[in-house]
Amino acid sequence: MKLTANQMLSLYDFFKEIDDPRRAQGKKHHLPTVLALAAAAILCGMRGYKDIALWSQSLGQKARSRFRCRKREGKYFVPSCSVIRNVLISIDPDQLDRALAAWNAQYGSLDESLAIDGKTMCNAIDETGGQIHIMSAIGHESGHCYTQKKSVNFP
């Protein structure tokens, strides 16, 4: 999925209500920032803590500012792999699930285009002897199948 600037900016807000289990001492990155970076990386196809960290490090300064990364001496810094890992294994999974579901309800199904595809089912004949065809509409960005319909050609 390709994220828009608004989608990047909005992730932080959806994670603000999640309780931060980390000690106050040594927190360099806000919890919503770490979670927003991890969620965005996963939406863009990254898998695993190292991939999330590498994806975050590859972001330009403008993208880092959209995720509200820590700013020091005029530059934005992303969390390390260990910070990402520690946050993801320590947060409440139910709170994370609710935040992700809320974000997905607002942004996840906003596909800019649909792929419409049809298939003829091999050796699939209905009770009247007609060949069965399947037509689907799938979102390019989300991969969500919006509809799938069956139709029959009569002999």
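Cross-link pairs exceeding 18 Å in C-alpha to C-alpha distance, out of Lys50/Lys75; Lys28/Lys75; Lys16/Lys75; Lys27/Lys71, comprise Lys50/Lys75; Lys16/Lys75. Computed across the chain, the Kirkwood radius stands at 18.0 Å (inverse of mean 1/r, all Cα pairs).
Taking the charge dipole of the chain about its Cα centre, with +1 at Lys and Arg Cβ atoms and -1 at Asp and Glu Cβ atoms, the residue from Gly45, Tyr107, Tyr76 reaching farthest to the positive side is Tyr76. Nearest 0.05, what FRET efficiency do Lys16 and Ile42 give at R0 = 30 Å with Cβ-Cβ as r? Result of the calculation: an efficiency of 0.95. With the highest mean first, a sort of the peptides 72-78, 122-128 on other beta-carbon atoms found within 10 angstrom per residue produces 72-78, 122-128.
Taken together, the values in this text are just the output of simple stated rules run on the coordinates, not laboratory data. For clarity, every value in this text was computed on a predicted model and none was experimentally measured. Glycine gets a Cβ as well: all are built from the backbone with ideal geometry, and neighbour counts include every protein chain shown.
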